[in-house]
Amino acid sequence: MSNYFPIIKTKRLILREIVAEDAGNILKYLSDKEVMKHYGLEPFTTVEDASNEIAWYKSILNEKSGIRWGITLKEQDDIIGSCGFLNRVHNHCRAEIGYELSKDYWGNGIDNAASQKLIKKNGFIKEGLLRSYEFTCGKFDDLYMYSLLKQDVDRLQPHEGNI
């Protein structure tokens, strides 16, 4: 792992750097059609696909256009998903957030099915819908946009999340 990569710990999770040895775990969940449904790519079929994904994570970090953490449960070190910032534009003080999670962990308060509730609970505001924004798996997908501005964060009451 890199010396400068930040590790984030919550009550249940550790977010850490994704390394080459994680390719097998990444392949497990990124080969699942349901997981990939909202990811913007076809399901992965080989370890090489997963290795290329890890290389992309490293490239956005090196370019300072994003960062991607591997999601692990505190009691195990296997990657069960990833999350992070991408399309960071320093001059405009903005970035996008993205994440995906192995279907085995959906329904546990950290999954895609509850994503809209989770981000609303944490102060994000629904900005709108980008209709047919991405072409994936032979069809166009809609994309909902949410935002969280500094003034939104300043007015939120601090609370302990269940993540």
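Of note:
- Pairs linking a residue in the stretch 43-62 that is on the phi > 0 side of the Ramachandran plot to a residue that is part of a helix (DSSP H, G or I) and open to solvent by 30 Å² or more (accessible area, probe 1.4 Å), with Cβ atoms under 6 Å and 6 or more positions apart or on different chains, do not occur.
- Every condition in (1) open to solvent by 30 Å² or more (accessible area, probe 1.4 Å); (2) under 26 Å from K11 (Cα atoms) is met by T45 except one, and the failing one is (2).
- Qualifying residue in the stretch 38-53 (condition: more than 23 Å from L143 (Cα to Cα) and in a strand (DSSP E or B)): no
- Some residue of the stretch 60-81 being surrounded by 11 or more Cβ atoms within 10 Å (Cβ to Cβ) and either part of a helix (DSSP H, G or I) or modelled with pLDDT under 85 (or both): yes
- One residue from L30, L13 being among the aliphatic types (A, V, I, L, M) and modelled with pLDDT under 95: L13
- Filter pass, I79 being farther than 25 Å from F124 by Cα and in contact (Cβ under 8 Å) with a residue 60 or more places away in the chain: yes
- Exactly one residue out of A50, A55, A20 is open to solvent by less than 60 Å² (accessible area, probe 1.4 Å), farther than 19 Å from W106 by Cβ, of a type in the set (A, V, I, L, M, F, W, C) and touching a helix residue (DSSP H, G or I) at 6+ places or on another chain (Cβ under 7 Å): that is A50.
Residues are listed down the side, and each one gets a yes or a no for (1) modelled with pLDDT under 85; (2) not aliphatic (A, V, I, L, M):
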position: H90; (1), (2): no, yes
position: A95; (1), (2): no, no
position: L101; (1), (2): no, no
position: K139; (1), (2): yes, yes
position: K150; (1), (2): yes, yes
position: R155; (1), (2): yes, yes
position: G161; (1), (2): yes, yes
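- For the stretch 104-114, the criterion of a residue being at positive phi, open to solvent by less than 80 Å² (accessible area, probe 1.4 Å) and either outside any loop (DSSP other than H, G, I, E, B) or not hydroxyl-bearing (S, T, Y) (or both) is satisfied by at least one position.
- Close Cβ contacts (under 8 Å, 6 or more residues apart or on different chains) running from residues in the stretch 63-74 that are aromatic (F, W, Y) to residues that are surrounded by fewer than 18 Cβ atoms within 10 Å (Cβ to Cβ) comprise W69/I8.
The values are calculated or read from the model by the stated rules, or taken from the named source; none is laboratory data. None of these values were measured; they are calculated from a predicted model. Methodologically, a virtual Cβ is constructed for each residue, glycine included, from the backbone with ideal geometry; neighbour enumeration extends over all protein chains shown. We work out accessible area using only protein heavy atoms, side chains counted, and drop any ligands, DNA or RNA first. Shrake-Rupley method; radii C 1.70, N 1.55, O 1.52, S 1.80 Å.
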